[in-house]
Every structure is written in structure tokens, then in C-alpha cells.
Amino acid sequence: MKNPDDFRALKRYGQNFLIDKNILRLIISKAELKISDTVLEIGAGHGILTRALLENGVNFLHAVELDTRLENELLKIQDRYNNFKIHFDDAVKFDYENLKPFPNKIIANIPYNITTPLIWHLLEYAEHGFNYQLYMLQKEAAERLTAKPKTKARYPLGITIEIMGSAKIIHDVPPECFRPVPKVQSAITEIRLDKNLTLVKNPLWSKLLHTGFQHRRKNILNNLRGFMNIDENLLLSASIQPNARAEELTSEQWIKLFNFIADK
Ligand code: SAH
């Protein structure tokens, strides 16, 4: 393996490579890999997690990596394993639909700067698979993804995951586990998807949430007034107090409101 120290890590690609073997082992054991699992890895980097996944034994591994400077290293792994395919592309724009076989698990130390758009994009494929997802995330992002109602960290993607399944932080990871050492704390976070799998395919869903959260200090009525003819009465019929703030709403209230406007 090429020494990561010889490689000029790029901040804009969120390059902080995992070096801690205990954390690597923890990821592999939490993922409960079965020989029948098809896995997707985002941001393979120098392939530390890639190799661990393949050595553990999986049916198939797909990895997406943007930085073509890593081509030689990753193609070498591909030469060695006939159940591994590396795709050089932008994971946020990648069309996953044609992956064969289609992954049932995502296991990835992702670039932190693309966390929210990447996970939104991946959720769009939930009806095909991706039922189990294990991510290394920036701690703050992990807290937003798992935030309960009435907390400051509550935000549209976290609400969506709550409606499609569940998310939980399973282990905090300090900066020293990576090279270069990031300025932020990290956390391993698990997402399971088992219901409402086509929700995010309706663009109205994300539009509703983002409009509702547009101005955090305004109440829900002021943020949503006029959007899809939402008014005080419609909010009340969805059991929502018009003067509540978006972060206070439960996922049941959001779904009820969404069903009212989507049916119109
Ligand atoms: N998984 C590796 C690398 C983590 S660093 C490890 O654990 O060591 C994040 C990786 O994501 C880098 O290799 C970076 O080049 C890659 N990356 C950054 N932006 C990306 C994007 N839009 N699509 C795919 N990969 C990306």
C-alpha cells in the first residue's frame, strides 16, 4: 500500500483517511456482514475500508470514488478481487439504479462536506435496497440525523430518516483516528430503512420540509403560508399548532400535513 503520507490530501474532497485499526474492526463487526451481502462504499480513498470489507467476505462490493489520483491503488484491488468494482464518479450525482447486483448495505467513511446532499440522494434508491447504512460522519451531522422533535438539531433529512426507518449514533470517534487529523469530532452512525421507502421520490416532500424550516425563528404558519395553499385551518386539521416552530413537529404531524397537500 502506498504510504498515505506521500499523498497530498485535498480538503475540498473531505480527505481524512482512517488509520485506526480498532475503529476499522468496530465498523466491520457492527455491519454484521454476511456472505450474501452486496455492499456500497462511498469514497474509497486508499482503500483501508475497501480491503477490510473484501477480506471479511461479501457477495459483491461497489465503491464510488471521485479522486482519480487514487486510480492505480484502487484498480490494483479490483484486479485482485472479482467481486469488487470501483466507479470513478461523483457519489452525489451517481445513478445507482443500474448497479448490479444492487447493494443491500452501505458502509462508508464519507467526505463530511457532502453528507446531507449525499444521503438525500441515496435515500431516493431505498425501494431498490440500501436498507442498512453505516456511516462515519462528522459528529454534528450525526446529531442532526438523529435529532428528536423540540431540539435545535432537528432538520429535514433527520425527519425523513425517522419516517423511513431509524438512525442512531453507535460510537464516537476522535480526530486522532484519521490522517490528516480533522478539526472535528466524528461519530459512527447507523441508519435502517424499512418503511415509506418511496417518500423522497416525491419532490413535494423535501420542498415542504425545506419551506417549513426556511426561517428557523418564524413559526410554521409564517414559513408555510401560501405554499400549496397552506393556511391556519389546514395546519389545525393536521393537528399542528400554527404558532409552533418547524423543529417542534413530530414526524407524524409532518406526514399528515404532507398527505393533505399531496392529495389535493
Ligand atoms: N474511506 C476512506 C477515505 C475517507 S476520506 C478511509 O476511510 O480512509 C473521503 C473520501 O471520499 C476521499 O477518498 C475522497 O476523495 C472521496 N470523495 C470526496 N468527494 C467525493 C464525491 N463527491 N464522490 C465520491 N467520493 C468522494
Worksheet item: Can you find even one residue in the stretch 70-82 that is within 11 Å of the ligand (Cβ to nearest atom), more than 22 Å from the chain's Cα centre (by Cα) and not aliphatic (A, V, I, L, M)?
Response: yes
Discussion item. With the requirement that a residue be closer than 25 Å to residue 57 by Cβ and in a loop (DSSP other than H, G, I, E, B), what does the stretch 95-128 give you?
Written reply: 99, 100, 101, 102, 103, 104, 110, 125, 128
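How many residues are touching a helix residue (DSSP H, G or I) at 6+ places or on another chain (Cβ under 8 Å) and within 13 Å of the ligand (Cβ to nearest atom) when one looks only at the stretch 44-64? Steps first, please.
Our first condition is that a residue be touching a helix residue (DSSP H, G or I) at 6+ places or on another chain (Cβ under 8 Å); within the stretch 44-64, this holds for 44-54, 56, 61, 63.
Subsequent filtering for residues that are within 13 Å of the ligand (Cβ to nearest atom) retains 44-53, 61, 63.
Qualifying residue count for the region: 12.
Is it the case that the stretch 201-208 has a residue that's among the basic types (Lys, Arg), under 18 Å from residue 162 (Cα atoms) and touching a residue at least 60 places away in the same chain (Cβ under 8 Å)? Spell out the reasoning first.
Of the stretch 201-208, the ones among the basic types (Lys, Arg) are 201, 207.
Checking the rest, the ones that are also under 18 Å from residue 162 (Cα atoms) come to 201, 207.
Checking the rest, the ones that are also touching a residue at least 60 places away in the same chain (Cβ under 8 Å) come to 201.
Scanning the stretch 201-208, I find at least one residue that is among the basic types (Lys, Arg), under 18 Å from residue 162 (Cα atoms) and touching a residue at least 60 places away in the same chain (Cβ under 8 Å), so the answer is yes.
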Worksheet item: Just checking, how many residues over the stretch 242-264 are touching a residue at least 60 places away in the same chain (Cβ under 8 Å) and in a helix (DSSP H, G or I)?
Response: 7
Worksheet item: Which residues, counting only those in the stretch 125-138, are surrounded by fewer than 17 Cβ atoms within 10 Å (Cβ to Cβ) and either within 16 Å of the ligand (Cβ to nearest atom) or under 9 Å from the mean Cα position of the chain (by Cα) (or both)?
Response: none
Practice prompt. Would you tally the residues in the stretch 193-241 being among the small types (Gly, Ala, Ser) and assigned to a helix (DSSP H, G or I)?
Written response: 3
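Each value in this text was obtained by applying a stated rule to the coordinates, not by laboratory testing. Small disclaimer: the values here were computed from a predicted structure and weren't measured. Note that we place each Cβ from the backbone using ideal geometry, even for glycine, and neighbour counts take in every protein chain shown.
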